[in-house]
Every structure is written in C-alpha cells, then in structure tokens.
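Notes for the one structure printed next.
The values are calculated or read from the model by the stated rules, or taken from the named source; none is laboratory data. Nothing here was measured: the structure is a model prediction, and the numbers come from that model. Please note: Cβ atoms are built from the backbone with ideal geometry, for glycine as well, and neighbour counts cover all protein chains shown.
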Amino acid sequence: MTRPGERTTLARDVGDALDFDAVTARGLVKVYGPTRALAGVDVTLAAGRVTAIEGPNGSGKSTLLALLALLARPTRGTLRFGTHDAAHAGPSLRARIGVLAHAAMLYPDLTGRENLSLFADLYGLGDRGARIGAVLERFEIGAFVERPVRTYSRGQLQRVALARALVHAPRLLLLDEPSTGLDAPATERLARAVDAERARGTIVALVTHDAPLAERLADVRVRLERGRVVAAPAAPSAAPSEASA
Amino acid sequence: MIGTLRTARLVAAKDLRIEARTGEVVISTAFFGALVAILASLSFYLDDATARRLAPGVLWVSIAFAGVLAMGRSWAREREHEVLRGLLLTPASRAGVYLGKALGALAFLLVVEALLVPLTALFFHVSLPPVLGPLAALLVLGTIGFVAAGTLFSAMTVRTRARELVLSVVLFPLISPALLAGVVATREVFGGAGLTETLGWIRILAAFDLVFVAGGVLLFEPLMAD
C-alpha cells in the first residue's frame, strides 16, 4: 500500500504534468446534436474527498465524467483543474487523471503486465518497472499478470484495470460504474482501494448505480437529473467539496 | 509528454505483438485476398495475353477488399473492452496513435501483398522478376495512401453500428484516385514499362499519400474529441 507522504514523490515524477488541488466545473453544458446531455452543471471536486455522482440513466453522469476525463469538450461553461483551464492544458492534465470504468480498457490478447507496461509508457513514466511493481503488489495481481487478459475472471480483470488506472499515481480518479459484475469480496477490495486513494489526497469522482457502494464511499453526493444537479450534497461539515445547481 | 513518434512506435509495436500472437488480421485477410484472386482467375481466364491484361485489376481489387477487412479487424481490437478510450485518456500524442495504427495496418497489408503478388502472377501468367522493382514501388505507395485514409475513417466509424458498411461506402470512393492510378500504372509495368515511364503515376500516388497522411495527423485529434 502507498504510504502517507508518497504523493509528493510521485507528483514530482510525472515530469511536466500539472498539479491541482480541486476540479471546478461552472455552467457546464454539453450538447450532442438535438440532445442536451448537460444543461449547466456546477460542481467542485476536492482533494481527499469522494464525490458520488448519482442519477437515473440519461441524466448526464457519463457525459460529466467524459468532460472531467478530457475525452470531450464542453459546449459551454468552464472546467478548471486548480488554476489550469482544461481547454488549454489537455495532455499535461491527462497525465494526472486516472479512469476506472466497467470496461477494463485492456487489450485481451496481451498479458496484464504487457498492458500495464504499454500504459506506463503512454503515460511517459520514467520509472516504469518500479511503478508496475508497486501496483502488482498493491492489488495482488502478480499471480496472474503474466497470463493474457482474455483468460481473466471479472474480478481479476477489474484489479488489473484498477492497476492501469493508478499506475501513474493520478491526482484525479474517475470511477464509472466500477463495481458492475463484481461479487461482494471484489467490491470490498475496490472500496478499500478507493479509501486508500482518498487517504492519499486523491480527488475521486464516483458514478454508480450501486447505492450501498456510494453510501460506503461517498463524502459528498451529487444527484443529476436531465443534465442538471437537482440535489445539493449533504456535505459533511469538514468537507471542502460542494456542488450546486 | 510522450511525443508523436514514440507514441506511434508503441502503438504499432503493440499491434504487431498482438498479430504475432494471434495471426488474426493477416491470416483472415490473406485468405480473403487469395480467394478473390483465385475466383477471378477461374472466371476471367481466356489465354495468357488476356490474363496478363486482367492481372493488375485483380491484384488491386483483392488488395482493396483485403485492406478494408484488415482495417476492420485491426480497429476491432481497439473496440473490445473500450481500449481506444484508454489510449485517448493518456497524455500520449493523438497523432501518434493515428500513425501507430496506420503503421501497424501498413505492415499487415504489405505481408498480405507479399503473398498475393506471387499468387496473382502465378494464376495470370505474369513473369515477376522483370517487373518486381516498379511493382513494389507502386504497391508500397498505394498501400500507404490506402492505410492513411483507411485508418482515419476506421477510427471515425469504430463506434458506429454498421461500421464495415460505413467504412466501405466512405473509403472506396475516397481512395479511388489511388486505386485507379495503381491499376493503370501496374498495367503499364506489366506491359513492359520501366520505373521512369511510370513516374507520373508514382507522383500521383505520392501526392495522395502526402495528403492523406497529413490529413490523418491533423484530423485525428479533433475527430476523436467527442
């Protein structure tokens, strides 16, 4: 497991990647053709907090996550990572974002280690071997990491996907339905990994329909409906996160 | 941040590694291309002279069909488990991802062509040694243009439902200048023309390559943005 204080060392290792303590969205609008997926969302994600983004299908959760992951650009509104405007700092910010989704985003015909090596290289990690060694140990995947991903169980797949999402020690971790298809022990293992990330000061956004998981992990809960935030979070008194419609 | 050439090398090496392990793209594509050539030889063969005149068209048609198949298979790998999304989440150069996919597809198609050319020569009574140099130049240039355009449009259609149909409908009209130049130039080469006599066609193919490689490098990132 990562020790407290390791963040500083890892952050220094990411080269010209940018650092930030919060992610702030203001008036985010995203339009796809005739569909208004987001209709003016304000939300702030803070370091060391897990923000659960909830809502029915089609409420704009995945679109919001795509904007936060810099996979799409907002039609209107601003998205800032600390002092950095997302519109002007794409690749440098991407180096600090990790995404774990239901889909593993791993090549089935490569082994787990080959996948991790490829992604470590694509993130430009100088100490690839050490980083991979660390995630292998942390997520206990050494026993099957030399096998092709195609042969993994759902739980094994998600552990290697988690290793991929965290191999570059991201500042912002986005979780999109990460517990889908996982049994109870695997979900608990995932929750413990998220707890560890929170303890390290990572900014975490969780999109899920898994209410118990959201209950277990979330410091702040934001509800989206029809592309708008409809429920202000019941933030703990000490929580620096906030969201508003 | 990781640069374009390094990204291209990593992505192409990944594709080659998967292909070396599975043989999926080259084997299926080569079989398909060979089948086209064999069926054409059985259908169209009249005599040696007619066969030699038909050979350029058969060769390029089988390459074009096999090429569309190869593109689809190569990009299917990026679709499974949504790995393309994973690539786009990294800070790696988007142009590098495009070039890497194109380089991988180029390698697959050149291997397939190395099998199709002797097969077509055998069935259509073409003596290969005298034409090998100019033919290789035409095939390499034609294939570069094909994969440059094919990679861009495969990436665009990778998330659509009827992707093979859409790719064929969009790609074939687009690459028709390169295909026409390739067929006519190959006909002249099979008719005894040397490299210098086909220079005009080679220039057309090179210009086509330049336009589509540059277009792919410039357009891939905006096309992938949403």
query = Taking only pairs six or more apart or across chains, which ones have beta-carbon atoms under 8 Å, a first residue in segment A:148-166 that is under 12 Å from A:Pro108 (Cα atoms) and buried (at least 24 other Cβ atoms within 10 Å of the Cβ), and a second residue that is charged (D, E, K, R) and modelled with pLDDT under 95?
reply = none
task = Pull up segment B:1-44, narrow it to residues that are free of Cβ contacts under 8 Å to residues at least 24 places away in the same chain and of a type in the set (Phe, Trp, Tyr), then point me to the one that is surrounded by the most Cβ atoms within 10 Å (Cβ to Cβ).
result = B:Phe44
Filter pass, A:Pro108 being facing another protein chain (nearest Cβ under 9 Å), in a loop (DSSP other than H, G, I, E, B) and within 24 Å of B:Val97 (Cβ to Cβ) = yes
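Of all residues in segment A:32-57, how many are assigned to a strand (DSSP E or B) and away from chain B (no Cβ under 14 Å)?
Our first condition is that a residue be assigned to a strand (DSSP E or B); within segment A:32-57, this holds for A:32, A:35-46, A:50-54.
This time we only want the ones that are away from chain B (no Cβ under 14 Å), so: A:36, A:39-46, A:50-54.
Of the residues in that region, 14 qualify.
Inspect all residues belonging to segment B:103-111 and state whether any of them is within 13 Å of chain A (Cβ to nearest Cβ) and part of a helix (DSSP H, G or I). Steps first, please.
At the first step, the residues of segment B:103-111 found to be within 13 Å of chain A (Cβ to nearest Cβ) are B:104.
So of that shortlist, the ones also part of a helix (DSSP H, G or I) come out as B:104.
For segment B:103-111, residues within 13 Å of chain A (Cβ to nearest Cβ) and part of a helix (DSSP H, G or I): present.
Take the residues of segment A:114-134 that are out of contact with any Lys or Arg (no Cβ under 8 Å at 6 or more places or on another chain) and crowded, with 19+ Cβ neighbours inside 10 Å: which is farthest from the other protein chains (Cβ to nearest Cβ)? Let's see the steps before the verdict.
In the first step, residues of segment A:114-134 are kept if they are out of contact with any Lys or Arg (no Cβ under 8 Å at 6 or more places or on another chain); the result is A:122-124, A:126-131, A:133-134.
Narrowing the set further to residues that are crowded, with 19+ Cβ neighbours inside 10 Å leaves A:122-124, A:131, A:134.
On the way: A:Leu122: 4, A:Tyr123: 6, A:Gly124: 4, A:Arg131: 14, A:Ala134: 19 Å.
Ranking the qualifying residues of segment A:114-134, first place goes to A:Ala134.
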key: Residues satisfying the stated conditions in segment A:121-152, i.e. part of a helix (DSSP H, G or I) and of a type in the set (Ser, Thr, Tyr)   = A:Thr151
note = Counting only residues that are surrounded by 23 or more Cβ atoms within 10 Å (Cβ to Cβ) and more than 10 Å from chain A (Cβ to nearest Cβ), segment B:76-99 contains a total of 2
note = Filter segment B:185-205 for residues that are under 16 Å from B:Ala49 (Cα atoms) and among the charged types (D, E, K, R); the one that is nearest to the chain's Cα centre (by Cα) is B:Arg187
key: Conditions (1) within 14 Å of another protein chain (Cβ to nearest Cβ); (2) part of a loop (DSSP other than H, G, I, E, B); (3) in contact (Cβ under 8 Å) with a residue 24 or more places away in the chain; number of the one not met by A:Ser92   = (2)
task = Assess whether A:Ala169 counts as being more than 10 Å from chain B (Cβ to nearest Cβ), without any contact (Cβ under 8 Å) to a residue 60 or more places away in the chain and not polar (S, T, N, Q).
result = no
note = Scanning segment B:13-30 for residues that are touching a helix residue (DSSP H, G or I) at 6+ places or on another chain (Cβ under 9 Å) and more than 11 Å from chain A (Cβ to nearest Cβ), the one nearest to B:Val217 (Cα to Cα) turns out to be B:Leu16
request  = Identify, from the list A:Gly60, A:Gly77, the residue that is more than 12 Å from chain B (Cβ to nearest Cβ) and either over 20 Å from A:His209 (Cβ atoms) or charged (D, E, K, R) (or both).
outcome  = A:Gly77
key: Hey, A:Ala25 within 12 Å of another protein chain (Cβ to nearest Cβ) and either of a type in the set (A, V, I, L, M, F, W, C) or assigned to a strand (DSSP E or B) (or both) or not   = no
key: Qualifying residue in segment B:29-52 (condition: more than 18 Å from B:Leu116 (Cβ to Cβ) and of a type in the set (Lys, Arg))   = no
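Is it the case that some residue within segment A:153-161 is within 13 Å of the chain's Cα centre (by Cα) and at pLDDT 95 or above?
Applying the first criterion (within 13 Å of the chain's Cα centre (by Cα)) to segment A:153-161 yields A:161.
Remaining after also requiring at pLDDT 95 or above: A:161.
For segment A:153-161, residues within 13 Å of the chain's Cα centre (by Cα) and at pLDDT 95 or above: present.
Restricting to segment B:1-12, name every residue that is part of a helix (DSSP H, G or I) and within 9 Å of another protein chain (Cβ to nearest Cβ). It would help to see each step written out before you state the result.
Step one: filter segment B:1-12 for residues part of a helix (DSSP H, G or I), giving B:4-12.
Matches in segment B:1-12: B:Arg6, B:Thr7, B:Leu10, B:Val11.
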note = The condition from (1) closer than 29 Å to A:Pro185 by Cβ; (2) out of contact with any strand residue (DSSP E or B) (no Cβ under 6 Å at 6 or more places or on another chain); (3) modelled with pLDDT of 95 or more; (4) not acidic (Asp, Glu) that A:Leu122 misses is numbered (1)
